[in-house]
1. Here is a check on your reading of the model: is residue 174 open to solvent by less than 10 Å² (accessible area, probe 1.4 Å), closer than 22 Å to residue 27 by Cα and modelled with pLDDT of 95 or more?
2. Considering only the range 105-120, I want to know if a residue exists there that is of a type in the set (D, E, K, R) and either outside any helix (DSSP H, G or I) or more than 20 Å from residue 35 (Cβ to Cβ) (or both).
3. Mind checking which pairs have a first residue in the range 183-207 that is touching a residue at least 60 places away in the same chain (Cβ under 8 Å) and a second that is charged (D, E, K, R), Cβ under 8 Å, 6 or more apart or different chains?
4. Answer yes or no: is there a residue in the range 122-135 that is closer than 24 Å to residue 46 by Cα, surrounded by fewer than 18 Cβ atoms within 10 Å (Cβ to Cβ) and aliphatic (A, V, I, L, M).
5. Assess whether residue 179 counts as being touching a Ser or Thr at 6+ places or on another chain (Cβ under 7 Å), open to solvent by less than 60 Å² (accessible area, probe 1.4 Å) and outside any strand (DSSP E or B).
6. Scan 142, 108 and give me the residue that is out of contact with any His (no Cβ under 9 Å at 6 or more places or on another chain) and surrounded by 15 or more Cβ atoms within 10 Å (Cβ to Cβ).
7. Quick check, is residue 30 closer than 30 Å to residue 182 by Cβ, at pLDDT below 90 and under 22 Å from the mean Cα position of the chain (by Cα)?
8. Can you tell me which residues in the range 217-227 are free of Cβ contacts under 8 Å to residues at least 24 places away in the same chain and either more than 14 Å from the chain's Cα centre (by Cα) or under 20 Å from residue 182 (Cβ atoms) (or both)?
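The values are calculated or read from the model by the stated rules, or taken from the named source; none is laboratory data. Just so we're clear, the structure is a prediction, and the values are computed from it rather than from any experiment. No Cβ is skipped: glycine too gets one built from the backbone with ideal geometry, and neighbour counts run over all protein chains shown. These accessible areas exclude ligands, DNA and RNA; they are computed on the full protein's heavy atoms, side chains included. Shrake-Rupley method; radii C 1.70, N 1.55, O 1.52, S 1.80 Å.
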Amino acid sequence: MPQNRINILSTRDIDEALIQDALSKRIDIDVISFIRTEPVLTSETLNEIQNVSTQPAAVIFTSVNAVEVVATGLEQRKTNSIGWKIFCIGYATKQSVTKIFGERSIEGVALNATGLANVILDADVSELIFFCGDQRRDELPGLLKQNKLDVKEIVVYKTIATPKKIGKKYDGILFFSPSAVKSFFQENKLDDQTILFAIGNTTASELRKFSKNKIVISDTPDGEPFLQKAIEFFQTNSIHH
């Protein structure tokens, strides 16, 4: 008997090549976003970005969105050389920082907020600029402030919920942020068979507020291994059925 196809919902864009690869493994992936981001490029924010760019500074990025907005804010500058020491989350954010500011600007990298806080605490810095979104998580600035570091937050993008009702039953759903979880559950209820996949512990904690379903947590904050983990989960478990 042929195996049934597995249906997965990703709540964020996924590379088309990965979707095609999953198809060959009898896994169908739908992509539906439940949040959108908007840059905050007010004259006040632009001035703050420009001012920070004129001096050596320790800077934190934990999202690609923040890197891209700051890059836009720096487009007016006559020179690309910026004397920043950048601390960032690995994978996609690190790739974005490398592309825009260069590999040599990166002072420290970690896979999650707690790890990045420890890297910063081990570095010789006392003041930091954190370019972030309006719904940024508390762990990183909280840990740094507890350890008496001066953290100035500059909000460079905002996250807007775009809840919608899904009319299809999924075997698994991939969540990439707590805000996407909140938005999803505004309109949707799940049966207890759906497996939930969380990009990290903070997203998993948010999922537990809404569902008692099984949650599988990614080992890395990167979309590709996260999707592979979901695919492997269903391949392994379909063998046991």
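1. So residue 174 fits the description; yes.
2. Looking only at the range 105-120, we keep the residues that are of a type in the set (D, E, K, R), and these are 107.
So of that shortlist, the ones also either outside any helix (DSSP H, G or I) or more than 20 Å from residue 35 (Cβ to Cβ) (or both) come out as 107.
So far as the range 105-120 goes, yes, one or more of its residues are of a type in the set (D, E, K, R) and either outside any helix (DSSP H, G or I) or more than 20 Å from residue 35 (Cβ to Cβ) (or both).
3. Cβ pairs passing all conditions: 202/137; 202/139.
4. Within the range 122-135, none of the residues are closer than 24 Å to residue 46 by Cα, surrounded by fewer than 18 Cβ atoms within 10 Å (Cβ to Cβ) and aliphatic (A, V, I, L, M).
5. Spelling it out, residue 179 is indeed touching a Ser or Thr at 6+ places or on another chain (Cβ under 7 Å), open to solvent by less than 60 Å² (accessible area, probe 1.4 Å) and outside any strand (DSSP E or B).
6. Selected residue: 108, the only one of 142, 108 that is out of contact with any His (no Cβ under 9 Å at 6 or more places or on another chain) and surrounded by 15 or more Cβ atoms within 10 Å (Cβ to Cβ).
7. Numbers: closer than 30 Å to residue 182 by Cβ: yes; at pLDDT below 90: no; under 22 Å from the mean Cα position of the chain (by Cα): yes.
No; evaluated as a whole, the condition is false for this residue.
8. 217, 218
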